[in-house]
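Student: Below you'll find the structure I mean.
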Amino acid sequence: MNRIYLAGPEVFLPEPLEEFSKIKDYAMNLGFHAYSPFDSEAKHEDLTGLDLARHIYRENIKLIENCDFILANCNAFRGALVDDGTSFEIGYAAARKKIIYGYITNRLTLPEIVATRIPLKEHTGVPQDQDGYLVNEDFGNSINLMMEFSIEESGGQLIEGDVFQALDVMAGIHR
């Protein structure tokens, strides 16, 4: 059975285990075994602070290593862009030659997404954020080009829809 690592900010939901349970059940019905960042086999009850953070990092790397696919939530999180932990997991998976799928609710262009999430001002005809950086990555991509093309070149794709629609697409390709 193909194994999927679920990357995304769902770990920050009030009831993340319940959310992951729904996703895992759906994946299982499609012939996949899905793993969340909570599925570490190593115990960590005695760890706190940076020791706990380091443990979580190492265990998530092991989970990614042991999976065939990565399914990443590429919706904007706490700002205009993909969660930074998810971004790292996409990059790591690409470096490890994993097949990566991402999903995003709406395939708007990156400047359109940024404009809906943060205040912008104009600078010589180009939108600029409040820190003075230009919003000029306007190639038609929906997420940072490094992530979008990591997904594409892995043999996966960025899917417009939710996690369940992404799993349906994956099942249609990898059965």
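Student: So how far, in whole Å, is the C-alpha centre of the stretch 1-53 from the one of the stretch 88-118?
Tutor: Taking the Cα centre of the stretch 88-118 as reference, the centre of the stretch 1-53 is 19 Å away.
Student: Sticking with this structure for a sec: Using 0.36 nm times the number of residues separating E45 and T109, minus their current alpha carbon distance, what extension gain do you get?
Tutor: Fully extending the segment from E45 to T109 adds 18.7 nm.
Student: Among all lysine pairs in the chain that are eight or more places apart or on different chains, how many have alpha carbons less than 25 angstrom apart?
Tutor: The result is 10.
Student: Enumerate the calculated ³J(HN,Hα) couplings along the stretch 158-175 in order (Karplus 6.51 cos²θ - 1.76 cosθ + 1.60, θ = phi - 60°), each rounded to whole Hz, writing x wherever the residue is Gly or Pro.
Tutor: In residue order, the calculated couplings are 8, 9, 7, x, 9, 4, 6, 5, 5, 4, 4, 4, 4, 5, x, 9, 10, 7 Hz.
Student: Amide H neighbours of N141 under 5 Å, counting only residues 5+ apart in sequence or on other chains, H built in-plane at 1.01 Å?
Tutor: HN-HN under 5 Å from N141: L110.
Student: Another question, then. Search the structure for amide H atoms under 5 Å from the amide H of I159, placed 1.01 Å from N in the peptide plane, and list their residues when 5 or more places away or on another chain.
Tutor: G102, Y103, I104
Student: Let me ask something additional. Pulled fully out, how much extra length does the chain show between F164 and L13, if you take 0.36 nm times their separation in residues and subtract their Cα-Cα distance?
Tutor: 52.6 nm
Student: For the stretch 47-144, go through all pairs of different Cα atoms, get the mean of 1/r, take its inverse, and jot down that Kirkwood value in Å.
Tutor: Mean inverse Cα-Cα distance, inverted, gives 15.4 Å.
Student: Kindly state, as a whole number, the per residue volume in cubic angstrom of the convex hull around the alpha carbon atoms of the stretch 1-86.
Tutor: 108 Å³
Student: Another question, if that's okay. Which value, in Å³ per residue, describes the convex hull spanned by the Cα atoms of the chain?
Tutor: For the chain, the hull spanned by Cα atoms encloses 129 Å³ per residue.
Student: I've got another one for you. Okay, which of the stretch 97-127 sit inside 20 Å, backbone N to the point 7 Å along the Cα-Cβ direction of Y133?
Tutor: Output list for this probe position: 108-127.
Here, each number is a calculation from the coordinates, and none is a lab measurement. Source: prediction; values computed, not measured. Neighbour counts run over all protein chains shown; Cβ positions are idealised from the backbone, glycine included.
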